[in-house]
Structure formats: structure tokens, C-alpha cells
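Heads up, the thing below is written out as C-alpha cells.
The values are calculated or read from the model by the stated rules, or taken from the named source; none is laboratory data. What you are looking at is a predicted structure, and each value in this text was computed from that prediction instead of being measured. Because the Cβ atoms are built from the backbone with ideal geometry, glycine has one as well, and the counts that use them run over all protein chains shown. For the accessible areas, the whole protein counts, side chains as well, though only heavy atoms, and no ligand, DNA or RNA atoms are used. Shrake-Rupley method; radii C 1.70, N 1.55, O 1.52, S 1.80 Å.
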Amino acid sequence: MSSNKESWGSRLGLVLAMAGNAVGFGNFLRFPVQAIQNGGGAFIVPYLVCFLLLGLPLLFVEWSMGRFGGQYGDHSTPFIFDRMGKSAIWKYIGVSGIFINIGVAAYYCYLESWTLGYLWYSVTGEFSGQTADGVNAVFTNYVGLSGNIPWVFWILCLAINTWILSRGLEGGVEVAAKVGMPLLIIFGIFLAIRALTITAGSDGAINDGLVGANFLWKPDFSTIWTPKVWLAAAGQIFFTLSVGWGMIHAYAAYIKPNDDVVLNSLSAGWTNEFVEVVLGASIVIPISVGYLGIDRVVELTQSGGLGLGFRTMPYLFQQWGTVLATLAGVAWFGLLFFAGITSSLAMGTPWMGFMRDEFNWSRNKTALSFAAIVFLLGLPTVVFYNQGVFDEFDYWVGTVGLVLAGLFEIILFSWVFGIEKGWAEIIRGADIRLPVFFKYVLKYVTPVIIILVFIGSLPDIYDNLVHKTLYEKIAKATNPTEIATLQTQMSYLNWSRMLLLGVFLGICYLVFLANKKRLKQNG
């Protein structure tokens, strides 16, 4: 008999937790950069199309799959898939719902800890009086593990996650969401108002805040039919809604049998979209353009959103004076911390559900085991951050893994379980009448979109698999030391892949043991 008797305390707490698992760093650091790089205002067209034809359908699927499995006491993807599939292989495909979360949490919790470190720096005045180069050096030293601060806040971050997970859904995750999500939105509104009211000539600004907003949303319709733009939009939807991870399955497995999964999906999905499109687009780019100008911001976005968020924003806040700079730093890094922790808690839930269902582990023991795995698996991403291990984890687990998991998931739901049974599962208990149009989207359109995304990504996957960029650098290098450094980096990346493969196979073995245990109990 499983010791897993968890439940949600309220629908509000559930929806906030679900929205929190979707709202993460990507809303504030990834989305505005993706928009700039892919047509500005024109990007919103493929983005919204992908939201309607890919994001919402997968939300409906994952909520209903989780609720379906929860009726039978299954609270993690392997045995939810097994119960819906017609072959034993589905439980091992469902391992992705645990593996992806552990793999992403391994580096995500480290990134999350940066926000605590930078929150501390903001309060203690670390950035006060610093030049742009000085603030940049702070980041370089941080990821270079200079001093104790990076280690202290990484361990602290893991401890906070562990403690909240050990408190359970209602007493831990739900409380964190009820506190974190409102604060995140309040901090975001404060920063957005300040960003959009920047005045050229004041505090060293060279543009009004609205110039940045207008630049972000200025449409370049020549890009709208470019496959790369549609791939970027689909990828952003996967990333921002947390579909394909297994987190939604785990959360939805604890709702009541007739709870409205349509309303819950729409509530969580549109809350995430508000945070991303309205708040996420109103902070980083308007502030950066206000003080640095459009050309410099375009240059900075080539290296992604992390640089803007941690290398640039602390310096720009200093232009507002000591008090306001401190408040802005607390709001910005506090916002990112709450965005991060509501997501990392969701990443821990599938492991919690699996170990408690199958091996009767206590909450404390399971939470501590999750922390231990994330610490050991994450250690290479921390120590070898500058060698690219962090990015390697992110690419194979948090990008390729998500697309494959989403593809298998929609095939299982619409074609193996069957669209008729699947549609009945979605609309059961729904107060909102979902258009039958979505039934055909689920069976035909969503799978085709994911297949096209995967096919379009194959050249990039191949290049990463064979280390094309590193080999090109080695071929051009003439200095023996540089060649040796690049070869060492390649070995780190290969070992990190082996480590990830080992973790995946280890979870497969646990699923095998759990299945064996179930068969024995069932006679």
C-alpha cells in the first residue's frame, strides 16, 4: 500500500502552482530575446498560433493524463503512460517524465541560486559605483566560483527546495506558489512601470522607455514565413508552458476525478502568457534600450538573455540612485527567484510521486534523495560551467528531450489510448464547452507540428552530437595550448553525456523494479 496520500488544498493553490511551474526564467530572459531575434512584433503571430495549436492542446492532454493516472494511484509519468498504453515499453518511454525534471533541475537550481547571490549583492551594495566592466567582472568571478558566495547560495537554494518539498503539496508547494506568484507579479509590475517611464536625458538615459517597447514589438513581416522563426516560436511554447516535462502529469494526478481540467489548463496557460508577453516584454528590453541604445542591445541579445539579466541589468539599475537601485535589484532578482523556485519545486514532484508510490518512501526521505541526486548531477554543471557542461545539459535534456517527450506523449494520447477516449477524458467535468475543433487538432495538427519541429532541428542536433563547432575551432587553432584546452572541453562534454545516460538508465532500472514489485503484489 502506497504511503502517498497527497492532495491539493484549493483550486487557487493548484492553479497558482501550475502557473508557477510554467512561469520561469524563460518568461523574462528568453522570450524578449527570442522576439527580437525573430521578427519583433511579427514573432507574436507564429507564437500565438503555436500556443493555440501546440501549447493549449498539450496542456489539455497533460492535465487529463495526470488526472486519469491519479484515479488509479499513479502520480508519475512512467505508470501513467503504462496505464494508457498497450505495450510495456510505454512505462520506459514515460521515464522521460522523471529524467527530464532531474536533468534540468541539476543545472536549473544552480541558475536559481544566482538570483539569491545577486539579491544579496544588491542589498549589500556590491554593484554600487561599479562600471559596466566591473559588474561584468562580478558575473565572471561568480561563475568562476571565486570565493564562497556561489557555493553558499547554491547549497542554500537546494536546502530551500528540499524543505518545501518535504512539506508536501498543500503545506509546501501550494504555500510557496500562493506567496511567490503574487510577489512575482507585484515586482514585475513595479519594474515594468519604471522601465516604461524612463525619460531620455534623465539619469543618463538616451531613449525613453517606450522606445525599447516599440523596438521589441516593431514587426518585421519579412520573417514571418521563415521556418527558423516558427521553430523558435514552437520551442518557446514548449519551454514556457513546461509541456513535455512530466510536471503537469504529476501535479494533475492529485486532483479530484471530476475536477475541470479544461478550466485549469486555460487558467494556468493564460496566466503564464500574461506574465511572459506583458511583463516579460516590459522590463529587460525597455530598460536596456533606454540606457544602451538599440544597436548595443541587439549586439547583447546575440549571447542570449542570461547576459542581459545578470551582466547588464545590475549596472543599469545603478543609474537610478542608491535607494531605487537597491529596490530594483531586490525586485528583479526576487522576481527571478520566485519564477525559478516555483518551477524547480514542480521538477521535484514527479520524483516525489514515483518514490512514494512505488517504494513507500516518506516525504522527508524522498525530498532528501531528490536533493542529493540534483547536487551530485549538478556538480559538473557548477564546476565546469565555463567548459560548457551547463549548456550541454540544457541542450540535450531541456531542449531535445522535451521535443521527443512531447511527441511520444501526443502519439500515446491521441493514437494509442485513442482520441475518442482521450477527448472524453478531457471534457469530463468541464464547465467550459471546449470546441470540438481541438479534438482534431490533438489527433492531427499537434503531432504534425511537433514532428516538423523535430525534423527542422535534426541538422542542429547532428552538429551538436558530433561537436561540429569544437572541431572547427580545433582545426583553426595553431596554439598547442588552445588545442589541448578545446580537446579537454570536448572530453568534459562527452563525460556529461555519459552521466546523463547513466541517470536515465538508472531510472529505467527503478521503474523495472517497481513494475516487478507491482506484478508480485497483484499475484
Which whole number of Å³ per residue matches the convex hull of the alpha-carbon atoms in region 1-127?
-> 192 Å³
Neighbours of residue 127 by Cβ distance under 13 Å: Lys/Arg at +1, Asp/Glu at -1, summed charge -1
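For 285, 224, what's the largest-to-smallest order of accessible area, 1.4 Å probe?
224, 285
How much area per residue is accessible in the chain when the probe is 1.4 Å and only protein heavy atoms are counted (Å²)? It would help to have the intermediate numbers written out before the result.
Working: 20480 Å² over 523 residues.
On a per-residue basis, the chain sits at 39 Å².
Kindly sort 223, 301 by accessible area of their heavy atoms, largest first, with the probe set to 1.4 Å.
Values: 223 25, 301 0 Å².
Solvent-accessible surface, decreasing: 223, 301.
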Provide Rg over Rh for the chain; use the alpha carbon set for both Rg and the Kirkwood Rh (inverse mean inverse pair distance).
-> 0.96
Centre separation in Å (Cα based) which lies between region 10-79 and region 221-248 = 11 Å
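Determine the gain in length on full extension of the stretch residue 10-residue 323; use 0.36 nm per residue of separation and subtract their C-alpha separation, reporting nm with one decimal.
Values: separation 313, 0.36 × 313 = 112.68 nm, distance 3.86 nm.
Once the chain is fully extended between residue 10 and residue 323, it gains 108.8 nm.
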How many nm separate the modelled label positions at residue 458 and residue 197, each set 7 Å beyond the Cα in the direction of the Cβ?
-> 5.4 nm
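With an 8 Å cut-off on Cα pairs and a minimum separation of 6 or more residues, tell me the relative contact order of the chain in percent.
On the way: 795 pairs, mean separation 165.8, N = 523.
After rounding, I find 32 percent.
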Convert each backbone phi in region 427-441 into a coupling constant with the Karplus relation 6.51 cos²θ - 1.76 cosθ + 1.60 (shift: θ = phi - 60°), then list the ³J(HN,Hα) values in order as whole Hz, x for Gly and Pro.
-> 7, 4, x, 7, 7, 9, 7, 7, x, 5, 3, 5, 4, 7, 4
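Once the other residues with Cβ under 12 Å from the Cβ of residue 260 are scored (Lys, Arg +1; Asp, Glu -1), what is the net sum? Intermediate values should be presented prior to the final figure.
Values: positive: 11, 67, 256, 428, 433; negative: 259, 431.
Residues close to residue 260 contribute a combined charge of +3.
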Heavy atoms of residue 482 accessible to a 1.4 Å probe, total area in Å² rounded to 10 = 90 Å²
Whole-Å semi-axes of the ellipsoid equivalent to region 344-408 (Cα gyration tensor, √5λ, descending) = 25, 18, 7
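Based on DSSP H runs of at least 4 residues, each adding -39500 (n - 2.57), what is the mean residue ellipticity at 222 nm of the chain after dividing by all its residues, to the nearest 500 deg cm²/dmol? Each step should come with its number before you reach the end.
Details: 26 runs with 362 residues, N = 523.
Helix-only estimate at 222 nm: -22500 deg cm²/dmol.
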Points 7 angstrom from Cα along the Cβ direction at residue 299 and residue 159: gap in nanometres?
-> 4.2 nm
Separation of region 160-191 and region 295-336 by C-alpha centroid, Å?
-> 23 Å
Placed amide H near residue 7: partners under 5 Å, 5+ positions off or other chain = 169, 170
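Using a 1.4 Å probe on the protein chains only, how many percent of the accessible area of region 28-112 belongs to carbon and sulfur?
Working: 1070 of 1750 Å².
Ligands and nucleic acids excluded, carbon and sulfur reach 61 percent.
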Approximate spin-label separation residue 49-residue 365, in nm, with each point projected 7 Å along Cα-to-Cβ = 5.2 nm
Take every Cα-Cα pair in region 138-295 and report what % of them are more than 26 Å apart.
-> 52 percent
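Determine the gain in length on full extension of the stretch residue 72-residue 395; use 0.36 nm per residue of separation and subtract their C-alpha separation, reporting nm with one decimal.
Numbers: separation 323, 0.36 × 323 = 116.28 nm, distance 3.43 nm.
Working it through step by step, the gained length comes to 112.9 nm.
What shape does region 1-48 take by its C-alpha gyration tensor, where a ≥ b ≥ c are the square roots of the eigenvalues and a/c under 1.5 counts as rounded, a/b above b/c as prolate, and the rest as oblate? Don't skip to the answer; put the middle values down first.
On the way: a/c = 3.82, a/b = 3.26, b/c = 1.17.
It comes out prolate by the Cα gyration axes.
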Contour minus Cα-Cα span, residue 372 to residue 479, at 0.36 nm per residue, comes to 34.5 nm
Calculated FRET efficiency for the pair residue 88/residue 133, C-beta based, R₀ 60 Å, to 0.05 = 0.55
